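Working notes for the structure below.
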Amino acid sequence: MENEVQRGSTDEKPGIILISGISGSGKSSALKILEDKGFFCVDNMPMLLLPKFFEPGISARLKNIAFMVDIREKSLFDGGRDNPSIEGYIKFLRSKSSFFKYIFMEADDDVVIKRYSETRRVHPLPGNDLTAAIKKERGLLKYIKIYADIVLDTSSLTVHELKNALVSLLDGLSPDSAFFVRIISFGFKYGIPMEADSIFDARFLPNPFFVPSLKTFTGLDREVRDYMLSYPETDEFLNRVSDFLKFSLPLYKKENKSYFTIGIGCTGGIHRSVFIAGELKDRLRELNDEYSISYYHRDLYKLN
């Protein structure tokens, strides 16, 4: 464990978060939040395999890593040179990281019982008495709780508040920019895409479908693009929508959203919305370094 691992052609080390805590305290939710923030997440990997994980070529290209362990990982409670305790694991992970935090999560008994009742999941400790299992688990975990950098009580936290709490604990770490913007063109005649966070209606723009020479083309074709941009209202619409998104997307990201979907609709989803979606992505090009922007034409190949 004491040998340093070379990370590719540089000595850069990853940021590492270790999560443990009471079953039902929200550890899995925390792991999903970190995954959305660009972390490579490992759920309950045997701690004895940690040295193997950090061998050259395995973790070398990972910028940020989150490990989650719970009561099922028996070696956390053992000592000795060949079977290190949580203290040994923490020391090892600190040596492999540029940024490290051990977060222990807990919640009140009544909250844990309510969460198990709602999800109908089985507690990892054997037995039919949930209250007794929770008490036993607390007794075992108290020996690893004392090593935590942060003890996070989730009893009264919503998922949104949990996300805010976790992000605040990452101060000093630069997570990957895991904010995904997707633009979907669609036809209103086929229904609004349910995943869309914002909808923009392009049906007021001139419709190439009613131009005989353009009817068989799509919004991907230069002929349709030239036709659409020949009308000043098209450029005005694109400017207003792109300005709005340049203003609002950073604020959505600040609220810890990881995904934002923009719907651009016209009647059939073949001409106007397809053109606007592609053009809009081009006009948001300056945001590409910060966000991952893509588009998808949902109804492009459907018949009118």
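The table below lists the values:
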| read-out | value |
| --- | --- |
| Residue ID - farthest from ILE146 (Cα to Cα), chosen from residues in the stretch 9-55 that are among the small types (Gly, Ala, Ser) and in contact with a Ser or Thr (Cβ under 9 Å, 6 or more places away or on another chain) | GLY38 |
| Pair list, Cβ under 7 Å, 6 or more apart: the stretch 110-129 residue over 19 Å from ASP153 (Cβ atoms) and modelled with pLDDT under 80, other residue of a type outside the set (Val, Ile, Thr) and surrounded by 11 or more Cβ atoms within 10 Å (Cβ to Cβ) | GLY127/ALA133 |
| Extreme residue, surrounded by the most Cβ atoms within 10 Å (Cβ to Cβ), among residues of the stretch 258-304 that are over 11 Å from PHE186 (Cβ atoms) and acidic (Asp, Glu) | GLU279 |
| Options GLY219, GLY269, GLY263, GLY278; residue that is modelled with pLDDT of 90 or more and at positive phi | GLY269 |
| Filter result for the condition that a residue is loosely packed, with under 13 Cβ neighbours inside 10 Å and within 28 Å of PRO51 (Cβ to Cβ), over ILE146, ILE103, ILE86 | ILE146 |
| Cross-chain or 6+ apart pairs with Cβ under 7 Å, the stretch 221-239 first and of a type outside the set (A, V, I, L, M, F, W, C), then surrounded by 13 or more Cβ atoms within 10 Å (Cβ to Cβ) and in a helix (DSSP H, G or I) | ARG225/PHE275; TYR227/PRO208; THR234/MET228; ASP235/LEU229 |
| Residue in the stretch 157-178 that is surrounded by the fewest Cβ atoms within 10 Å (Cβ to Cβ), counting only those that are modelled with pLDDT under 80 and touching a strand residue (DSSP E or B) at 6+ places or on another chain (Cβ under 7 Å) | GLY172 |
| Any hit, the stretch 46-54, residues being part of a helix (DSSP H, G or I), exposed (fewer than 14 other Cβ atoms within 10 Å of the Cβ) and either at pLDDT 85 or above or not aliphatic (A, V, I, L, M) (or both) | yes |
| Among the residues listed as LYS246, LYS189, the single one being assigned by TED's automatic domain parsing to the domain that holds ARG283, under 25 Å from the mean Cα position of the chain (by Cα) and either among the basic types (Lys, Arg) or farther than 17 Å from ILE264 by Cβ (or both) | LYS246 |
| The stretch 198-232 - residue that is among the basic types (Lys, Arg) and either surrounded by 13 or more Cβ atoms within 10 Å (Cβ to Cβ) or assigned to a loop (DSSP other than H, G, I, E, B) (or both) and, of those, farthest from the chain's Cα centre (by Cα) | LYS215 |
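The values are calculated or read from the model by the stated rules, or taken from the named source; none is laboratory data. The structure presented is a predicted model; accordingly, all values stated were derived computationally and were not measured. Using ideal geometry, Cβ is built from the backbone for each residue, glycine included, and neighbour counts are taken over all protein chains shown.
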